[in-house]
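> Below is the structure I would like to discuss, written out as structure tokens.
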Amino acid sequence: MVEPYGVSAGREWRFSAYELRDGYIRPTPEAQLETYDPWAVYAASLTKKPAVEAPYTSLLALLDKVLEGATLSPSAPDPLYRLSAAAEAAITSWCRQFGLLGVLLQRVQAITLWPRWEPVEWVSPPLPRRLLFPAVTQYARSSTGWSKADSPMTDTEPRTDLAQTGALVAETDWPTRLPRPGVVLRDLRSPAVKVEGLDGTWSRFFPGVPAEERDTFAYPQPLTDAFWRLYAEPVDAFIDGALMLRDALGGLKLLKPLAEASEREASQLDRARNLLQTLIWGTSPVLKFTAEGAAEPVWVAPSLLGALAMMAFLDLTESRRRLRRCEVCGRLFVSTAWQATYCSAKCRHTAQKRANRARQRNPEGHEHLQSTKE
């Protein structure tokens with residue numbers, strides 16, 4: 001089997017315990033934050049020794065459980081879904097293993113915070129002194145993570161009262177060239193980009209921030225401990241992210257020679273490909289240097305959702321594994337065999353016994369059920 005490029009390392013964040021409260025998936029107050037490597041789980045799923053489920057198929061199996069007992073809320077979209085206690089428990093259990101999907105991080109490209117008065121060491125005769133200038137904090141995403149830039153506007157009128165350090169700059173005092181507070185967002189299901197205020201989509205993922213501070217809050221840099229302790233994922237956003245991955249991979253199950261595809265099938269394939277391509281946008285290979293002095297590739301994704309989509313992409317293109325649904329138990333699984341029908345030898349044996357019983361009941365009229373490769 002060809003090992004997909006770059007499965008050797010990666011990093012995601014998870015808490016030791018989660019809860020669903022007020023329509024959000026969030027860590028419990030006493031939960032501990034840790035990092036882990038989801039790519040190690042994916043690499044183990046390629047060996048089948050021991051049998052390990054690929055993280056993205058685990059998410060899709062969770063989605064099946066969640067939607068099975070879910071109902072649409074009459075007060076949609078806040079929240080859109082009403083979940084059973086079993087579904088809520090399944091979500092928190094999955095998040096304990098893998099963390100939140102990071103739906104917001106999958107969409108965000110850059111953030112500009114509200115300006116504040118910050119000190120600058122100003123050299124002026126006869127002695128240096130500290131003066132306050134309007135300063136803007138910006139976060140930007142790159143192929144290796146997030147960067148932070150603090151930009152004081154030293155060509156503007158300063159203040160001398162250091163007691164105002166960190167105070168918000170009133171809009172009437174904003175320099176003309178000051179970047180406006182806001183966030184650059186990509187749409188989750190298309191490559192469309194828009195700019196919003198911080199009190200829009202962004203603040204929806206920080207329910208602990210008071211409503212009156214949503215536009216002016218000093219949000220921490222993405223992927224820091226402070227960020228994860230403040231971040232929470234709306235249940236609807238979590239489900240929508242999983243649905244998008246399912247829609248992409250469900251459409252790609254139709255994969256066949258284009259000459260044999262109908263116009264409708266070709267359209268479905270193109271839509272599924274575009275969905276998957278949107279999900280893996282921003283995921284990049286970067287170099288990691290080992291203790292032995294070697295260089296190896298590492299996939300860096302903007303979010304866990306992006307990493308899961310990349311795993312599915314690698315299965316399709318490198319391992320030649322495709323997503324399938326077992327005809328006996330209904331479980332999602334991946335296989336390199338194009339005719340695979342069952343997720344395990346147990347389910348294949350169950351199907352054979354059912355076929356044998358059916359033949360015994362109707363030996364002349366029943367068609368023999370062909371067993372397929374696992």
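All of the numbers you see were taken from the coordinates with simple rules; none came from a lab. Everything numeric in this text was worked out from a predicted model, so none of it was measured. Using ideal geometry, Cβ is built from the backbone for each residue, glycine included, and neighbour counts are taken over all protein chains shown.
> With labels modelled as points extended 7 Å from the Cα through the Cβ direction, what inter-label distance (nm, one decimal) is found for R264 paired with L168?
5.5
> Please give me the summed charge of the neighbours of W202: other residues whose Cβ is under 9 Å from its Cβ, Lys and Arg +1, Asp and Glu -1.
0
> Right, something else. Volume per residue, Å³, of the convex hull around the alpha-carbon atoms of region 106-220?
About 131 Å³ per residue, rounded to a whole number.
> Can you give the FRET efficiency to the nearest 0.05 for R357 and L67, using r as the Cβ-Cβ distance and R₀ = 35 Å?
E between R357 and L67, to the nearest 0.05, is 0.65.
> Right, something else. Just add up the charged neighbours of A70: K/R +1, D/E -1, any other residue whose Cβ is under 15 Å from the Cβ of A70.
Net local charge, A70 excluded: -2.
> Counting other Cβ atoms within 10 Å of each Cβ, which trypsin sites (Lys or Arg not before Pro) in region 118-209 have at most 10 and sit in a DSSP loop?
Sites meeting the loop and neighbour criteria: R177.
> Moving on to the next point. Among the GluC sites (Glu not before Pro) in region 21-71, which ones are in a DSSP loop with at most 12 other Cβ atoms within 10 Å of the Cβ? Mind listing them?
Listed in order of number, the matching sites are E30.
> To continue, here is another question. Which far-off residues, 5 or more places away or on another chain, put their amide H under 5 Å from the one on W281, with H placed in the peptide plane?
For W281, no residues qualify.
> Using a 7 Å offset from the Cα along the Cα-to-Cβ direction at both K194 and Q277, what is the distance between the two label points in nm, to one decimal?
2.3
> Sticking with this structure for a sec: Calculate, in nm to one decimal, what A295 and A226 gain on full extension: separation in residues at 0.36 nm each, minus their alpha carbon distance.
21.7 nm
> Additional query: What does the charge count near A87 come to, summing +1 for each Lys or Arg and -1 for each Asp or Glu among other residues with Cβ under 11 Å from its Cβ?
Once positives and negatives cancel, what remains is -1.
> Okay, next question. Nearest 0.05, what FRET efficiency do R129 and T154 give at R0 = 22 Å with Cβ-Cβ as r?
With a Förster radius of 22 Å, E is 0.95.
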